[in-house]
Amino acid sequence: MPDSGFGRSKRLLTKTAYKAVFDDSPYRVSHRNLLMLARPNGSKEARLGLIVAKKNVRLAVKRNRIKRVVRDSFRLNQQTLETLDIIFLARRGLDRLEPAVQHKLLLDSWRKLSRQISKVEKA
C-alpha cells in the first residue's frame, strides 16, 4: 500500500489553496450533514482541507472527533482521489451521528466524488 499517512504534503495549508478550491470546484458532493468541494491540483497526490466550524459543531471534543474520522477515511480512500484538492465542510447535525455512521457517510461521499471524476474523464 502506498504511503497512507497524513503529512504536510497531503493537507491544504494556505489561504490561497483553500480559495482556489472555493473559487473553482467542478466536483461537489453534498449531503445534509456535509459538503465536499474538489478540484484537480496537477500534482500526484490528493490533498485535504478541513472546515469544522464552531457554529455547526459546538463542542471542541466533537469537532476534533469529526476531524479525526475524516482524516482516517481520507487516508483509506486517497488512492481513488489521486490528483484532487478537497475541502470537507461539516454541517449541523454531523456531530450527532456515531463515528461508524460518519465513516460510512464519508465512504459513500468519496465514492460519489470518484464517480463524478470518472464521468468527466469519459466525456
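Quick note: the coordinates plus some simple rules give every number you see, no bench work behind them. Predicted model, so just to flag it, every value in this text is computed and none were measured. When we count neighbours, we look across all protein chains shown, and the Cβ atoms used for this are built from the backbone with ideal geometry, even at glycine.
Numbers below:
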{"item": "Exposure rule at most 14 other beta-carbon atoms within 10 Å, DSSP loop trypsin sites (Lys or Arg not before Pro): the chain longest free segment", "result": "59-91"}
{"item": "Rg(Cα)/(2.2 N^0.38 Å) for the chain, N = residue count", "result": "1.00"}
{"item": "Helix-only mean residue ellipticity at 222 nm for the chain, each DSSP H run of n ≥ 4 adding -39500 (n - 2.57), per residue, nearest 500", "result": "-14000 deg cm²/dmol"}
{"item": "Charge dipole magnitude, Cβ of K and R +1, D and E -1 - the chain, Cα centre, debye nearest 20", "result": "600 debye"}
{"item": "At R0 = 30 Å, FRET efficiency that the Cβ-Cβ distance of K15 and V61 yields, to 0.05", "result": "0.65"}
{"item": "Restraint check, K44/K122; K15/K55; K15/K122; K62/K122; K10/K112, Cα-Cα greater than 29 Å", "result": "K15/K122; K62/K122"}
{"item": "Sparsely packed GluC sites (Glu not before Pro) within region 25-123, loop by DSSP, other Cβ within 10 Å at most 16", "result": "E45, E82"}
